[in-house]
Structures are given as structure tokens and as C-alpha cells.
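Below you'll find the structure, written out as C-alpha cells, and then a few comments.
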Amino acid sequence: MESKTFVYDIIIYLYTLSLLFSFSDTIHKNRRAKWIGTGLLIIVWILQSNFFILRMIDNSYFPILTMFETLFFFSWIVVTISLMLNFILKHDLFVFAVNVTAFTIMALSFFSDSSAIPTLHSWEIHDELLFIHISLAISSYAFFLISFILSCLYLLLFHMLKKKKWFNYLKKLPSLEKIDKFAFYSVIIGLPLLLLSIILSLIWMVLTNHLSYLVDLKVINSLLVLVAYIFYLFKKLKKHTLGNILAFWNVIAFVLLLINFIISNYLSDFHIWIWM
């Protein structure tokens, strides 16, 4: 256990160094700092993957059932997306913002109990449907997070342009049109994942005769989040809504998702295990 804790500490330290080098490149264009930061991020991803696999082997289940495991898996997905963005996009400020968010999520997992044992109320710990349901939900959250960051950057850039204020670091952002398009693509990916996750949970309720969970707060809030993002797509596809209004609605939808993830888990009858 101590060796695993040591590995986790190494991941945190290397991630911190990666962010420092990336920040240096973001403030003052420095290609060497950028590649060092990217190289360290790759090492972080490899160590995260190994840590995750070892935990899966030791616990004999896909480790996404406790708060520590959920946040760690969430951060791993965001780091994976961040690495892809590093090579696909040339907009350093956006990639840096994604990395800072992923680091924050991983740091939060550090304060969770890594030795906690999941206590499932209705699910079986080896139920494959359980792991597919959670994996899809967390993956959708990761893409919604990317879309949220993009929308926040859109609103920032829109505000600066409206006030006729300009700073050199804003040159490292995509245009408003591209930010809007990337945010839309992220929701396009995340929405089907969330929909599939909800469908699987509904199938489980029917198969196990737990239809009473349809009125569970977590289920209701998940449906509200789904409707919020469907509404965002509807307004986007109509092409009559201003970009700043769409970005604002996207931010609201993510706030609903956060409420769903944080508060509902305390009050849910059958999702409480994720916080153990």
C-alpha cells in the first residue's frame, strides 16, 4: 500500500511540473517548455494507467466504485483527452485550462479514502451492467467538462471583445466560432454516452424489479441534465441563438450536472455507495 501511495505522490509531483512548464509556455512562448510539459504529461498518463490497472488486479473489479476511484478515473479520462488535444489543437491556453482542471480533480481524489471498500445496496459488485453504466456516465461527464471549459472561455473572450479589451494571452485562444464548434462537438460526444448510461440503469431497474428507483433524486436529476443538454443541442441546431446565449446555457447545464454529481449522491437511495 505504501508503494502505491508513493506512486500516487510521484504522479502528483510530475503533474505539477508539467503544469509549470505548460504555464511558462502559455505566458511566454517557449517551445522547449511546451514539449517538456507534454512529455511529463505523457509520463503522468502512463503512471495513472499503471496505478489503475494494479488497483483493478488487487481489488478484482473495475475500480470506479468509491469516491477515490471515481475521481481518479475521471481525471484519467480528462488527461487522456488533454493529450489528444495537445496534438490536435494548437491553442495552448485552452489545453492548459483542461490540464489544470484534470489536476484539480486528481488532487481532490487525494483527499478521498483510497482504502475505502464500496458498499453496494442493490447492485452486485461483479455486475457488468454496473461498471458499464458508471463508465459511460463518467466518460460523458468528462466531455461535458471539456464543453464547459470551452463555453467559459467563449464568454471570457466575448466579454473582452465587447469591452474592446485585448491581451496577448487571448491570442492563444481559438476564435469564437471555433470555440463554439468545439463545445458543440464535445456535447455531441457526451450526450449519447449519458443517454446510454441512463438507459442501462433503467434496464437494470426493470430486470431487477426496482422500479421504485425511478423516483430517486439521482435518477430525476440525471434526466434533468439530459434534457438540459438536449435543449442546448436543439437551440444550437436551430442556428438562431446567439453564441454567448448558447455558451451561457451550456454553463448552466454543467452546473446542473455538478449538482447531480455532488448533492444527489448524498440523498440518493442507491447511489450513496459512490461516496464511501
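For segment 58-91, the residues whose backbone nitrogen is under 20 Å from a point 7 Å from the Cα of residue 29, taken along Cα to Cβ, are 86-91. Note on residue 46 and residue 107: the extension gain reaches 20.2 nm, defined as 0.36 nm multiplied by sequence separation minus the Cα-Cα distance. The Rg/Rh ratio of segment 1-110, with both radii computed over alpha carbons and Rh defined as the Kirkwood radius, is 1.00.
Fully extended, how many nm does the chain gain between residue 206 and residue 189 (0.36 nm per residue separation, minus their Cα-Cα distance)?
So the chain would gain 3.4 nm between residue 206 and residue 189.
Here segment 148-242 is treated with +1 on each Lys and Arg Cβ and -1 on each Asp and Glu Cβ, and its dipole about the Cα centre works out to around 820 debye.
The numbers here are math on the coordinates, done by the rules we state, and not lab data. All figures in this text were calculated on a predicted structure; none of them were measured in a lab. Backbone-built Cβ (ideal geometry, glycine too); neighbour counts: all protein chains shown.
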